[in-house]
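Report on the following structure.
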Amino acid sequence: MPTGKRGLPATLVRRGGERILVDCGEGTQRQLLRSDIGLVELEEVFLTHFHADHYLGLPGMLKTFALRGRETPLTLYGPAGLADLVGTLRRIFGRLTYPVSTVELEPGEALARDGYRIETFATAHAVTSVGYALVEEERPGRFDVQRANELGVPGGPDRGRLQRGEPVTLADGRVVQPSEVLGEPRAGRKLVLTGDTAPVGSVVEAAAGADLLVHEATFLADERERARETLHSTAGEAALAAREAGVKLLALTHVSTRYFGHQVVEEAAALFPATVVPRDFDIVTVPFPERGTPELVRSGARSGRAPVGSEA
């Protein structure tokens, strides 16, 4: 349930100039407007499942875009049943000024993007559901300027081609391969969002080695039976998944209003110390692996204090 300070489920992922919204609970557009980000013209929205607390913010947001005269197409992604849901919601948001398309996804699918892919994986909930993993491609190794000088590679476009992994032919006919001036490939980043789920092996598999795992923690151990009945997770169960997957940081969301954030952190941190419970308008920065580990920035979306880089 919402509170005076916390809205319903919605996570905005920012990568460079891209903005991807995962779930759109009631009040999402209002929270975006209250943030430093604003209600940007999102081009993609991903839904994890069709319980009302995860999509009721969608009709109002779509209508607001139309009232602004938006023309940019919007694509909605989600598990089977998405097209029927949007068809029903059209009775609420009515005619729009821009096209809205739906793409239904099964676990195990991957959507190719520029420099990364979005993978779907199975979750265990009371309705059809999927989770999402954003997985960046490996990046070329560091460019060795000294070695390039020794090989006689001139400054300018030739060095750029080598950094992109393309061989270069020098003026004297010699061919320089990228491997001669580049170090070992560098890992990209990995972000995993479960949506609502009971403990299940597919989540651990999808989250293996992730920089950030955003996992639900609706209950604490005192309500384990209730969690099993409703196919949710306790904070401890989410922590066990993070530990098994070997993630760098666990962010717990979907917390019941019966608990304070510090209670949730205490239970999870006993099993997985690198745990945070973000509040609305908090940011988690996810730097490239060689630049550090993910970090929670309190109120980062309202103060402009977030470091530059990809965020969740």
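The values are calculated or read from the model by the stated rules, or taken from the named source; none is laboratory data. Computed from a predicted structure; not experimentally measured. Neighbour counts are summed over all protein chains in view; Cβ atoms, including those assigned to glycine, are modelled from backbone coordinates with ideal geometry. Side chains are part of the model used for accessible areas, which takes the heavy atoms of the whole protein and leaves out ligands, DNA and RNA. Shrake-Rupley method; radii C 1.70, N 1.55, O 1.52, S 1.80 Å.
Structure data summary
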| quantity | calculated |
| --- | --- |
| Residue match in region 178-194 (condition: closer than 30 Å to Glu229 by Cβ, in contact (Cβ under 8 Å) with a residue 60 or more places away in the chain, assigned to a loop (DSSP other than H, G, I, E, B) and open to solvent by less than 20 Å² (accessible area, probe 1.4 Å)) | yes |
| Test: residue in region 208-218 that is in contact (Cβ under 8 Å) with a residue 60 or more places away in the chain, in a loop (DSSP other than H, G, I, E, B) and either aromatic (Phe, Trp, Tyr) or open to solvent by 50 Å² or more (accessible area, probe 1.4 Å) (or both) | no |
| Within region 123-145, considering residues that are under 15 Å from Arg189 (Cβ atoms) and assigned to a loop (DSSP other than H, G, I, E, B), the one least open to solvent (accessible area, probe 1.4 Å) | Glu137 |
| Residue within region 56-77 that is open to solvent by less than 40 Å² (accessible area, probe 1.4 Å) and within 30 Å of Arg186 (Cβ to Cβ) present | yes |
| Test: residue in region 48-71 that is among the basic types (Lys, Arg) and closer than 25 Å to Leu212 by Cβ | no |
| Filter pass, Glu229 being part of a helix (DSSP H, G or I), in contact with a strand residue (DSSP E or B) (Cβ under 9 Å, 6 or more places away or on another chain), open to solvent by 30 Å² or more (accessible area, probe 1.4 Å) and of a type outside the set (Gly, Ala, Ser) | no |
| Test: Asp280 is touching a residue at least 40 places away in the same chain (Cβ under 8 Å), assigned to a loop (DSSP other than H, G, I, E, B), of a type in the set (D, E, K, R) and open to solvent by 20 Å² or more (accessible area, probe 1.4 Å) | yes |
| Qualifying residues in region 291-308 (those that are over 18 Å from the mean Cα position of the chain (by Cα) and at pLDDT below 90) - the one surrounded by the fewest Cβ atoms within 10 Å (Cβ to Cβ) | Gly304 |
| Residue list for region 1-42, restricted to those being of a type in the set (Ser, Thr, Tyr) and more than 16 Å from Pro59 (Cα to Cα) | Thr3, Thr11, Ser35 |
| Filtered residue count, region 23-38, keeping only those that are open to solvent by 10 Å² or more (accessible area, probe 1.4 Å), of a type in the set (A, V, I, L, M, F, W, C) and in contact (Cβ under 8 Å) with a residue 12 or more places away in the chain | 2 |
| Residue ID - farthest from the chain's Cα centre (by Cα), chosen from residues in region 95-122 that are aliphatic (A, V, I, L, M) and open to solvent by less than 60 Å² (accessible area, probe 1.4 Å) | Leu96 |
| Residues of region 240-268 classified as assigned to a helix (DSSP H, G or I), hydrophobic (A, V, I, L, M, F, W, C), open to solvent by 30 Å² or more (accessible area, probe 1.4 Å) and within 23 Å of Lys5 (Cβ to Cβ), total | 1 |
| Enumeration of residues in region 200-231 that are under 20 Å from the mean Cα position of the chain (by Cα) and within 16 Å of Thr253 (Cβ to Cβ) | Val203, Ala207, Ala210, Leu212, Leu213, Val214, His215, Glu216, Ala217, Thr218 |
| Matching entry among Arg68, Arg14 (being charged (D, E, K, R), under 26 Å from Ala112 (Cβ atoms) and modelled with pLDDT of 95 or more) | Arg14 |
| In region 146-155, residue nearest to the chain's Cα centre (by Cα) [restricted to those that are in a loop (DSSP other than H, G, I, E, B) and at negative phi] | Gly155 |
| Selected residue [open to solvent by 10 Å² or more (accessible area, probe 1.4 Å), within 22 Å of Ala122 (Cβ to Cβ) and of a type in the set (Ser, Thr, Tyr)] from Thr11, Thr88 | Thr11 |
| Condition check for Arg164: surrounded by 16 or more Cβ atoms within 10 Å (Cβ to Cβ) and on the phi < 0 side of the Ramachandran plot | no |
